[in-house]
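Colleague: Please find one structure pasted underneath; my questions will follow.
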Amino acid sequence: MTKAMNQQRTALNGDEAVAYAAKQSDVDVVAAFPITPQTIIVEKFSEYVANGEVQTEFVCTESEHSALAACLAASATGARTFTASASAGLALMHEMLFVASGCRAPIVMAIANRALSAPLNIHGDQSDSMAERDSGWVQIYVENAQEAYDSIIQAFRIAEDVGVSLPVIVGLDGFTLSHTLENVTVLSDDDALKFVGTRQLPNVLTHEGKSVPFKLDPENPMTMGPIALTNYYFEFKRQQEEAMKNALEMIQKVNVEYAELTGRSYGNGLVEPYRLEDAEVAVVCVGSTSGTLKTIVDALRQDGVKAGLLRLRTFRPLPVEALRSALQNVKALAVMDKSMSFGGNGGAVYHEVRHVLYDAEAHPAVVNYIYGLGGRDSSPRELRRVYEDLLRILKSGRVEKQITYLGLRE
Amino acid sequence: MTNVSQEWKFTSKEIAEKPDLFLSGHRACAGCGPATVLRLIMKATRGPTIVTEATGCMEVVSSIYPYTSWALPWLHTAFETAAANASGIEAALKVMRKKGRAKDEHVDIIALAGDGGTYDIGLQALSGAVERGHDFLFVLYDNEGYMNTGIQRSGGTPMGAATTTTPAGKVIPGKVEAKKPIAEIMLAHDMEYVATASAYYWRDLLTKVRKGLEVEGPAFLHVFAPCPRGWRSDPAKTLEYSKLAVESCVFPVWEAVNGKRTLSTPSKLIALAPKKKKPVDEYLEGQGRFRHLFTPQNKHVLDEIQRLTDERWERLLEKCVEP
């Protein structure tokens, strides 16, 4: 039995689910610039504003760079802030991503993951946010529209936790999730707002030794976003790493609390294992393709194959322990990357999962599959081939191909 | 209701008695024009105020952690973001006041940027914020170059000036292009208040700051602020150059209220008595950045600067309503 009795089932696409969650989270300021496939989020939110359904200042900026700057400044003033972007828009924000995390501004941003130019491409892959993995933002990737909704609500709790105070990206695969209608169960406005709560501000000491909320306030003047040189910069950066550690705990805590309220949870919030307990062959996947992989795992299990899946939900902070303990007994492992790290010998997720397993007692063979770039469809048949490759590795004990490009002409 | 037509009478006594909000102890160079301008601007504030500042000289010298020169809430995020920051602060205050999470009082917002953060990298954000109509005063302190990074050209660098990216070479005599008419561009946004001011005329400057703050919506103030380091000029003559720039009509001072433009007194006096207009040479010759122009082979550049200055001055007079 869940606490929220009056949840409602409604048909929403991923973008709409995100906008609806932001609406229910009583966001103070939304500053955004439209970009495919995120546009529906901004359009939907504009409707809420135009119809007086939200008490939100919507700043429709002239660029994504200004959108994030405005969010950051609003957040520094004490407001709950939300934005959304994708692809080139996120790339344009690149500079401000670091400034936002460095200023410890708990902005929540939905990314409708999309390919980066050139060639220009509007379709889904994860090149955009994977390229920002070192920007100091928490990164959560969702599997479906339901999780997109749930994760936005959770993201405010995580970001605004005083021990975290970091911005959070919630990534949903462009078009596959952003534009696809699904059944989404939503909380009542009251329950959602009660869960999110009001914006918390850490207290800091003024030069007079007075404890005041960390925000721009004429009554307690504070210098924010200063220059810190060789003598202090490093300490600022180290504190961000500590905040990431706190985020690791907070994501799990919020996942549990949310499950109590709604009956819905996503693994431990960091990773979601699927039929992994005794798996000999397994795949690590980020995002919506995990849904297809789950059906393949089911089919393989019916054939007696010990197959499993680990969906990596939280990519930043990287759940090192959770990944290691979930994967160390696997014999052959494939890591799926929906982005490339050119010249880097495999994709970002592959690098990191392999890195995590280095300290495991037993190493599975780990191979990399680059897939779905520019929105290229990955069919169940192709994805099943990944498991077949792993079974061959299991049988021969030999890895013949470290990196495979799935569904590519070459 | 705005009170831009009201004339504010700032007296030196009043200014001297008002506590500084831009405090001493910052790391600006001796004779820094912008530091003087900032101190004066803060004397014209009228109540609760939040300042946001672009990356640049004044940001760097005033906020070296763990020290600060700001006795006001102050935010810096990046080079090109002063106006976008102002948008966010204004939006946040507006909605938080409605929700009872901010004190129910008006807060003035001042966005500060140098010429780099205004003419060049910050122009898009500025134009966007003004178009959206946020209530803030944008102050450009114009020292005519990227001085903080070692004196490189900006869109605000005047013709003929030697900078490290427009050096006075054997073939090219300093910056070839004219100074971008930034205040004209801002005026074309149909803003309620646009003005230019120069450090020397402090009362005029303070009055314009206050008028800009009174406007309910965006206001733009362009302040001329010499940089002895970048201009290779005598630090003791900063204010003198800021006066000469006006007297030579290199930098006329004016204000436009709802598009109606009038010359401010220092420039109006020249318009009324054209003989008082000084030749540009008098303004240029003491500055090291123009030294190479005072040679026979570069005389044509000096002539061109004079011609351009005259042309822009004449055009300005045509655009002004009668005093």
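FYI, it's all coordinate maths here, none of it is from the lab. Only a predicted model underlies this, so the values are computations on that prediction, with no experimental measurement involved. For neighbour counting, all protein chains shown are included, and Cβ atoms are generated from backbone atoms with ideal geometry for every residue, glycine included.
Colleague: Find the percent of Cα-Cα distances in segment A:275-410 that exceed 22 Å, and round it to a whole number. Write down the numbers at each step before the final one.
Modeller: Values: 2735 of 9180 pairs.
Above the 22 Å cut-off, segment A:275-410 has 30 percent of its Cα pairs.
Colleague: Enter the Cα centre distance for the pair segment A:1-38 and segment B:206-276, rounded to the nearest angstrom.
Modeller: Using only Cα atoms, the two centres lie 50 Å from each other.
Colleague: Show the residues, 5+ positions off or on another chain, whose built amide H is closer than 5 Å to the amide H of B:TYR193.
Modeller: Residues meeting the amide H criterion: B:PHE220, B:ASN258.
Colleague: Still on this structure, please answer the following. Would you order A:VAL335, A:VAL367, A:VAL399, A:VAL349 from fewest to most other beta-carbon atoms within 10 Å of each residue's own beta-carbon? Walk me through the intermediate numbers first.
Modeller: Working: A:VAL335 28, A:VAL367 22, A:VAL399 14, A:VAL349 25.
By the 10 Å Cβ count, ascending: A:VAL399, A:VAL367, A:VAL349, A:VAL335.
Colleague: Counting DSSP beta bridges in the protein assembly as shown, what percent are antiparallel, to the nearest 5?
Modeller: On the way: 25 of 91 bridges.
Once the DSSP bridges in the protein assembly as shown are tallied, antiparallel ones form about 25 percent.
Colleague: Specify whether the C-alpha gyration tensor of segment B:140-182 places it in the rounded, prolate or oblate class, a ≥ b ≥ c being the square roots of the eigenvalues: rounded for a/c under 1.5, otherwise prolate if a/b is larger than b/c and oblate if not. Before the final figure, lay out the partial values.
Modeller: Details: a/c = 3.33, a/b = 1.37, b/c = 2.42.
Oblate, because a/c is 1.5 or more while a/b does not exceed b/c.
Colleague: Using DSSP to define loop residues, name the chymotrypsin sites (Phe, Trp or Tyr not before Pro) in segment A:228-259 whose beta-carbon has at most 15 other beta-carbon atoms within 10 Å.
Modeller: Details: sites: A:TYR232, A:TYR233, A:PHE234, A:PHE236, A:TYR258; in loops: A:TYR232.
Within segment A:228-259, the qualifying chymotrypsin sites (Phe, Trp or Tyr not before Pro) (loop, at most 15 other Cβ atoms within 10 Å) are A:TYR232.
Colleague: Would you mind checking the tilt of helix A:348-357 against the longest principal axis of the Cα atoms of chain A, expressed as 0 to 90 degrees and rounded to 10?
Modeller: 70
Colleague: Remind me, relative contact order of segment A:271-405 in percent, using alpha carbon pairs under 8 angstrom and six or more residues apart? It would help to have the intermediate numbers written out before the result.
Modeller: Numbers: 227 pairs, mean separation 36.8, N = 135.
So the answer I get is 27 percent.
Colleague: If I take every Cα pair under 8 Å that is 6 or more residues apart in chain A, average their sequence separation and divide by the length, what percent do I get for the relative contact order?
Modeller: Values: 859 pairs, mean separation 65.2, N = 410.
Over chain A, the number comes to 16 percent.
Colleague: Let me check I've understood the local charge: for B:ILE109, count other residues with C-beta under 10 angstrom from its C-beta, Lys and Arg +1, Asp and Glu -1. What total comes out? Kindly include the intermediate steps, with their values, before the conclusion.
Modeller: On the way: positive: none; negative: B:GLU90, B:ASP108, B:ASP135.
For residues surrounding B:ILE109, the net value is -3.
Colleague: So if I take the centroid of the Cα atoms in segment A:328-356 and the same for segment A:145-175, what is the distance between those two points in Å?
Modeller: 24
Colleague: Taking the alpha-carbon centroid of each part, what is the distance from segment A:87-125 to segment A:236-280 in angstrom?
Modeller: 23
Colleague: With angles folded into 0 to 90 degrees, how steeply does helix A:87-102 sit against the dominant principal axis of chain A? Use alpha carbons for both and round to 10.
Modeller: Value to nearest ten degrees: 60.
Colleague: Right, something else. So how far apart, in nm, are the two label points at B:GLN306 and A:SER211 if each is 7 Å from Cα heading toward Cβ?
Modeller: The answer from the label model is 7.0 nm.
Colleague: For segment A:138-224, what does the alpha-carbon gyration tensor say about shape, rounded, prolate or oblate, given a ≥ b ≥ c as the root eigenvalues, a/c under 1.5 as rounded, and a/b over b/c as prolate? Mind dumping the intermediate values first?
Modeller: Details: a/c = 3.75, a/b = 2.39, b/c = 1.57.
Judged from the Cα gyration tensor, segment A:138-224 comes out prolate (a/c at least 1.5, a/b above b/c).
Colleague: Which of the trypsin sites (Lys or Arg not before Pro) found in segment B:170-207 are in a DSSP loop and have at most 15 neighbouring Cβ atoms, other than their own, within 10 Å? All intermediate terms of the calculation are to be shown ahead of the outcome.
Modeller: Values: sites: B:LYS170, B:LYS175, B:LYS179, B:ARG203; in loops: B:LYS170, B:LYS175, B:LYS179.
Listed in order of number, the matching sites are B:LYS170.
Colleague: Which net charge results for the neighbourhood of B:LEU40, defined as the other residues with beta-carbon distances under 13 angstrom from its beta-carbon, given Lys and Arg at +1 and Asp and Glu at -1?
Modeller: On the way: positive: B:LYS18, B:ARG39, B:LYS43, B:ARG203, B:LYS208, B:ARG210; negative: B:GLU14, B:ASP20, B:ASP204.
Net local charge, B:LEU40 excluded: +3.
Colleague: Which of B:SER242, A:SER188, B:SER62 has the fewest other C-beta atoms within 10 Å, and how do the rest follow up to the most?
Modeller: Fewest-to-most Cβ neighbours within 10 Å comes out as A:SER188, B:SER242, B:SER62.
Colleague: Another question, if that's okay. Helix-only mean residue ellipticity at 222 nm, chain B, DSSP H runs n ≥ 4 weighted -39,500 (n - 2.57), per residue, nearest 500. What is it? Let's see the in-between values first.
Modeller: Values: 12 runs with 117 residues, N = 323.
So the calculated ellipticity at 222 nm is -10500 deg cm²/dmol.
Colleague: Additional query: Could you work out the Rg to Rh ratio of segment A:28-156, with Rh taken as the Kirkwood radius (inverse of the mean 1/r over all Cα pairs)? Working shown, then result.
Modeller: On the way: Rg = 13.8 Å, Rh = 14.7 Å.
Rg/Rh for segment A:28-156 comes to 0.94.
Colleague: Please list the non-local residues whose amide H lies under 5 Å from the amide H of B:ARG153, H modeled 1.01 Å from N, same-chain partners needing a gap of 5 or more.
Modeller: B:TYR146, B:THR164, B:THR165, B:THR166
Colleague: Here is a further query. Of A:THR295, A:THR176, A:THR39, which is the most mobile in a GNM of chain A whose springs link Cα atoms less than 10 angstrom apart?
Modeller: In the Gaussian network model the winner is A:THR295.
Colleague: Another question about this same structure. Please report the net charge: other residues with Cβ closer than 14 Å to the Cβ of A:ALA365, K and R +1, D and E -1.
Modeller: Working: positive: A:LYS331, A:ARG354, A:ARG392, A:LYS395, A:ARG398, A:LYS401; negative: A:GLU280, A:ASP389, A:GLU400.
In short, +3.
Colleague: Could you tell me which GluC sites (Glu not before Pro) in segment B:173-211 are loop residues by DSSP with no more than 14 other beta carbons within 10 angstrom of their beta carbon? Kindly include the intermediate steps, with their values, before the conclusion.
Modeller: On the way: sites: B:GLU177, B:GLU184, B:GLU192; in loops: B:GLU177, B:GLU192.
Here the GluC sites (Glu not before Pro) that fit, given the DSSP loop and packing criteria, are B:GLU177.
Colleague: For chain A, which longest stretch is free of loop sites, where a loop site is one of the trypsin sites (Lys or Arg not before Pro) that DSSP puts outside H, G, I, E and B and that has at most 12 other Cβ atoms within 10 Å? List each step's numbers first, then the result.
Modeller: Numbers: sites that count: A:LYS3, A:LYS210, A:ARG398, A:LYS401, A:ARG409.
Longest stretch, sites excluded: A:4-209.
Colleague: Angle check, please: helix A:39-50 long axis (alpha carbons) against the longest principal axis of chain A (alpha carbons), in degrees 0 to 90, nearest 10.
Modeller: Orientation of helix A:39-50: about 30 degrees from the principal axis.
Colleague: Indicate, rounded to the nearest 5 percent, the antiparallel portion of the DSSP beta bridges found entirely in chain B. Spell out each step's value before the answer.
Modeller: Details: 10 of 35 bridges.
Given both bridge residues lie in chain B, the antiparallel proportion sits at roughly 30 percent.
Colleague: In whole Å, what three semi-axes, largest first, describe the equivalent ellipsoid of the protein assembly as shown built from its Cα gyration tensor (square root of 5 times each eigenvalue)?
Modeller: Values: eigenvalues 613, 157, 95 Å².
Over the Cα atoms of the protein assembly as shown, the ellipsoid semi-axes are 55, 28, 22 Å.
Colleague: Rounded, prolate or oblate: pick one for segment B:263-323, where a ≥ b ≥ c are the square roots of the eigenvalues of its C-alpha gyration tensor, a/c under 1.5 means rounded, and failing that, prolate if a/b is larger than b/c, else oblate. Could you put the intermediate results ahead of the total?
Modeller: Numbers: a/c = 3.15, a/b = 2.16, b/c = 1.46.
Cα axes put segment B:263-323 in the prolate bin.
Colleague: Sticking with this one: Taking all pairs of different Cα atoms in chain A, averaging 1/r and flipping that mean, what Kirkwood radius in angstroms comes out?
Modeller: Values: mean 1/r = 0.0460 Å⁻¹.
Across chain A, the inverse of the average 1/r is 21.7 Å.
Colleague: Hey, fewest Cβ within 10 Å first, where do A:LEU312, A:LEU357 land in order?
Modeller: Details: A:LEU312 26, A:LEU357 19.
Placing the least packed residue first, the sequence is A:LEU357, A:LEU312.
Colleague: Quick one: compute a quarter of the convex hull surface over the Cα atoms of chain B and quote it in nm².
Modeller: Working: hull surface 65.4 nm².
So the mean shadow area of the Cα hull is 16.4 nm².
Colleague: Below 8 Å between Cα atoms, with a sequence gap of 6+, how large is the relative contact order for segment B:83-152 in percent? Walk me through the numbers on the way to the answer.
Modeller: Details: 67 pairs, mean separation 27.8, N = 70.
Reported as a whole number, the value is 40 percent.
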